[in-house]
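Computed from the coordinates by the stated procedures, all read-outs in this text should not be read as laboratory data. The structure displayed is predicted, hence computed values, not measured ones. Every residue, glycine among them, receives a Cβ derived from its backbone with ideal geometry; neighbour counts consider all protein chains shown.
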Amino acid sequence: MQMRKEWLLLALLAGSVQAAEPPAGVAGTPGPATPAPAETTAPAEVAPAQAAAVVPDARSRLPLDELRIFVEVFERVRASYVEPVDDRTLFENAIRGMLSSLDPHSAYLDSKDFGELQDATTGEFEGIGLDVGMEEGVVRVVSPIDDSPAAKAGIRAGDYIIKIDGKSVQGMTLSEAVALMRGKPGSKLLLTVLRKGEEPRDIAITRARIEVSSVKARVLEPGIVSMRISQFQVHTGRDLRREIDKLKADTKNPLKGVVLDLRNNPGGVLDGAIAVSDLFLDGGRIVSTRGREAESEQTFSASAGDILPGVALAVLVNGGSASASEIVAGALQDNHRALVVGTTTFGKGSVQTVLPLTAGKGIKLTTARYYTPSGRSIQAQGIVPDIMVLPADVEVQEGTDLFREADLQRHLGNDAAGAAPATTAGAKDKEKPLLERDYQMAETINLLKAAAWQSRKPQPVPATAATISAAAATPAASPPEPAPVAPAPRPRGKKAG
């Protein structure tokens, strides 16, 4: 009986490898490869190339001795482990071990992981649109997503959710609470919300399909803007273009410099990184990939047209910038379009392809390495910034300008029309200066200003009425007398005679 089980299992394993038709999503079939999201510590990229179909050649022949050992271990664990374990769990764990032992980024995805992966890379999910955290056993609203059902229902940042559909959140984990708030679009949800200084109240919300943008624009100074990309999703390139178009429409404050903030961006979808790089390049190579299979060798180039021609660009990175972030930084650095500032990046130079399996499952498999436009691999090395700026805690010293002209009694006023009064020493802003809040960003802005100043064309100052009248009142200077000219020396020579 034992031998029958063993050979039956061997036959099943061998038969699965010799299957003529590959599963959907593998090269040669109509199923597309699904994009993979970034992971927290070692993000993954999604390759446009798909894995090659399994062909029954010499490489696909299974080693029978190793299969026998596998079956023997399987049967012994199944029969002798201290607690019963079902066959499905043993097989899934064996598959997980097979993939995780290859490298840190290859992995097996069960149906739950596969679904969450798709939500993360598309930037879409079904729910009410809240960014939440856990605080003292209750769910605290960090911020509602703009135009989401939660925002329209009046939920605010700082609110506490104490019940979800009548169930107390006390004792729940954050993931359990989030799972309860998610659901099919059109379904109803009742939240009991506690707001500071008010009694708890029930708020009814209808779930919907939520789209989250991974791009946030922030005007730091007139003409200087930070573009924060938290993760590269399918629509990141589109979202970034929209934000830039909004800023370009502001004719009062034309753009002089843009900081592309990729700090702690763990990566994401390869297509998203290519789309972002393409926005700022007017041609040239973006990235190339190379692997074992011919399908994995691809080169991606930028189309003509820089969305911000002549505008200074800096890419701010750190050790948490990985994968797709490094592709963008490397492309803009090698094409001399942007100054890379910050600290050395994570150093993930491999590409993962997500291949769907049956029953809504899949595998994430490393299929290629990627190379920057100059041909360099940053695997385990990272992108080295053009200018290294370490994070630092800086305290601005107050009262350094002890005494100024404006502080003197009977000082002359400024005769320029509409001149603003001088700012007195010691005046403090309500918010801490950027130098104290984000030293790296403040230094990057200084570099942008220098780049913008260096690239500007000299503009002659037009003469004003005051300068013209002053010039007319000044008597013309007499032409200088010519300097006396010394007589030329007489030539010396021999006398004839």
The answer for Asn265, listing residues at least 5 apart or on another chain whose modeled amide H is closer than 5 Å to its amide H, is Ser321, Ala322
quick note, segment 195-279, DSSP beta bridge pairs, % antiparallel (nearest 5) is 50
The aspartates and glutamates whose Cα lies under 15 Å from the Cα of Lys112, excluding any fewer than 8 residues away in the same chain, are Glu92, Glu126, Glu176
What residues qualify as long-range amide H neighbours of Leu130, i.e. H under 5 Å apart, gap of 5 or more or another chain, H built at 1.01 Å from N?
Ile145
Would you mind computing, in nm to one decimal, how far apart the modelled labels at Glu293 and Val178 are, each placed 7 Å from Cα along Cα→Cβ?
3.2
Given segment 184-245, report the % of alpha carbon pairs whose separation exceeds 12 Å.
76
Within a Cβ distance under 12 Å of Glu221, other residues only, what is the Lys/Arg minus Asp/Glu net charge?
+3
Using r as the Cβ-Cβ distance of Leu434 and His411, and R0 as 41 Å, what FRET efficiency do you calculate, to the nearest 0.05?
0.85
Computed ³J(HN,Hα) along segment 439-448: with the Karplus parameters 6.51/-1.76/1.60, θ = phi - 60°, integer Hz and x for glycine or proline, the list is 4, 4, 5, 4, 5, 5, 4, 4, 5, 4
For Ile363, what residues show an amide H to amide H distance below 5 Å, using hydrogens built from the backbone and excluding near sequence neighbours?
Leu109, Leu355, Leu357
Inter-label distance for Ala359 and Leu102, nm, one decimal - labels placed 7 Å from Cα along Cα-to-Cβ:
2.0
Cβ-based net charge around Asp239, under 10 Å, with every Lys or Arg adding one and every Asp or Glu removing one:
+2
Putting +1 on Lys and Arg Cβ atoms and -1 on Asp and Glu Cβ atoms, find which of Gly310, Asn253, Gly272 reaches farthest to the positive end of the dipole of segment 235-315.
Asn253
When Rg is the radius of gyration of the Cα atoms in segment 147-295 and Rh is its Kirkwood radius, what does Rg/Rh come to?
1.10
Using the Kirkwood radius over C-alpha pairs as Rh, can you work out the diffusion coefficient of segment 126-211 via Stokes-Einstein at 4 °C, viscosity 1.567 mPa s, in µm² per second?
103
Suppose each label sits 7 Å from its Cα in the direction of the beta carbon; what would the Ala442-Arg88 distance come out to in nanometres?
5.7
What does a probe at Ile387 reach in segment 206-227, counting residues whose amide N is under 18 Å from the point 7 Å along Cα→Cβ?
220-227
